[in-house]
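K.L.:
Can you read through this structure? Questions will come right after.
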Amino acid sequence: EPEVTQTPSHQVTQMGQEVILRCVPISNHLYFYWYRQILGQKVEFLVSFYNNEISEKSEIFDDQFSVERPDGSNFTLKIRSTKLEDSAMYFCASQSSFSNQPQHFGDGTRLSIL
Amino acid sequence: DAKTTQPPSMDCAEGRAANLPCNHSTISGNEYVYWYRQIHSQGPQYIIHGLKNNETNEMASLIITEDRKSSTLILPHATLRDTAVYYCIVRGEGRDDKIIFGKGTRLHILP
């Protein structure tokens, strides 16, 4: 069964450094998402992306965050200058173009900011 | 905020049916009920969804009340691998509608 894959599984970065989290959505899916989950808290929506532009973003998704689909297969989340509070699990999800279809999630990248 | 209410935790004996309730009294006519689960340290896993009819797949059954204000997810023969946090989610029919997660129900399967 097709799945969403995320790399790396664990990223350790110094505060203030830039980090790029990578995702390969399910082939033929057209809608892409990033969510995050701080340890012990709820999964939170960050951003949705369709047709090479952001559809919606949350208050968390400030100017330090950006997303990109650099080629036909990858979907990336960049954090320009990381803060301690960016430490979390980051999940990528994708969805097909048909309505009323579920989002499928990857297993996440654990981001640890030191 | 999430539009659903779920009990924070439940126990179920291995091999028995696990019935997870969810209240969504403010659901709109075009909103679907989705269920996901999250096994420790993994991403949310899609289980099932429905609009108003009961649904069944290889993982579970979804029973939606006639007034659509509540639903029950049924895992027919729970195993230890079903131990997870289960999320009941109400979501619109839009293709790019985000998911708003609540705290879910932590299901413990007891050997």
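K.L.:
When ligands, DNA and RNA are left out and all protein chains stay put, how many square angstrom of accessible area per residue does the protein assembly as shown have with a 1.4 Å probe?
P.N.:
On the way: 11520 Å² over 225 residues.
That works out to 51 Å² per residue.
K.L.:
Based on the Cβ-Cβ distance of residue A:76 and residue B:59, what FRET efficiency does E = 1/(1 + (r/R0)^6) give at R0 = 30 Å, to the nearest 0.05? Before the final figure, lay out the partial values.
P.N.:
Numbers: r = 31 Å, r/R0 = 1.03.
Computed FRET efficiency for residue A:76 and residue B:59 comes out at 0.45.
K.L.:
Report, in whole Å, the centroid distance computed from the Cα atoms of the range B:78-99 and the range B:1-62.
P.N.:
So the two Cα centres are separated by 6 Å.
K.L.:
Could I ask something else about it? Averaging sequence separations of C-alpha pairs under 8 Å and six or more residues apart, then dividing by the length of chain B, give the relative contact order as a whole percent. Show your work: numbers first, answer last.
P.N.:
Details: 267 pairs, mean separation 41.8, N = 111.
Once normalised by length, the contact order is 38 percent.
K.L.:
I want the local charge near residue A:42. Using Cβ-Cβ distances under 15 Å, sum +1 for each Lys or Arg and -1 for each Asp or Glu among the other residues.
P.N.:
Details: positive: A:36, B:3, B:37, B:98, B:103, B:106; negative: A:44, A:59, B:1.
Local charge sum for residue A:42: +3.
K.L.:
Still on this structure, please answer the following. If I build a Gaussian network model for chain B, linking alpha-carbon pairs within less than 10 angstrom, which residue out of B:68, B:16, B:81 has the largest mean-square fluctuation?
P.N.:
Among B:68, B:16, B:81, the largest mean-square fluctuation in the Gaussian network model of chain B belongs to B:81.
K.L.:
Which value, in debye to the nearest 20, gives the size of the charge dipole of the range A:60-114 about its Cα centre, when Lys and Arg are +1 and Asp and Glu are -1 at the Cβ? Present the calculation step by step, with values, prior to reporting the outcome.
P.N.:
Working: 5 positive and 7 negative charges, 14 e Å.
My answer is approximately 60 debye.
K.L.:
Given a 1.4 Å probe and the protein chains all in place, what does the accessible area of residue A:104 round to, in Å² to the nearest 10?
P.N.:
Approximately 60 Å² of residue A:104 is accessible to the 1.4 Å probe.
K.L.:
Related question: Testing the spin-label approximation: label points 7 Å from Cα along Cα→Cβ at residue B:5 and residue A:83. State their distance in nm.
P.N.:
Spacing of the two 7 Å Cα→Cβ label points: 3.4 nm.
K.L.:
Tell me, which cysteines of chain B are without a disulfide-compatible partner by the Cβ under 4.7 Å rule?
P.N.:
When partners are defined as cysteine Cβ atoms under 4.7 Å apart, chain B leaves B:12 without one.
K.L.:
For a quick check, take a GNM of chain A with Cα springs below 10 Å and name the residue from A:60, A:26, A:79 with the largest mean-square fluctuation.
P.N.:
Comparing A:60, A:26, A:79 in a Gaussian network model of chain A, the most mobile one is A:60.
K.L.:
Using a 1.4 angstrom probe on heavy atoms only, work out the carbon and sulfur share of the accessible area of the range A:58-114 in %. Let's see the in-between values first.
P.N.:
Numbers: 1120 of 2410 Å².
C and S fraction of accessible area: 46 percent.
K.L.:
What percent does the relative contact order of chain A come to when contacts are Cα pairs within less than 8 Å and at least six residues apart? Please list the in-between numbers first.
P.N.:
Working: 276 pairs, mean separation 43.8, N = 114.
Across chain A, relative contact order equals 38 percent.
The values are calculated or read from the model by the stated rules, or taken from the named source; none is laboratory data. Just so it is clear, the model here is predicted, and its values are computed rather than measured. All Cβ positions, glycine included, derive from the backbone under ideal geometry; neighbour counts span all protein chains shown. Accessible surface areas use protein heavy atoms only, side chains included; no ligands, DNA or RNA. Shrake-Rupley method; radii C 1.70, N 1.55, O 1.52, S 1.80 Å.
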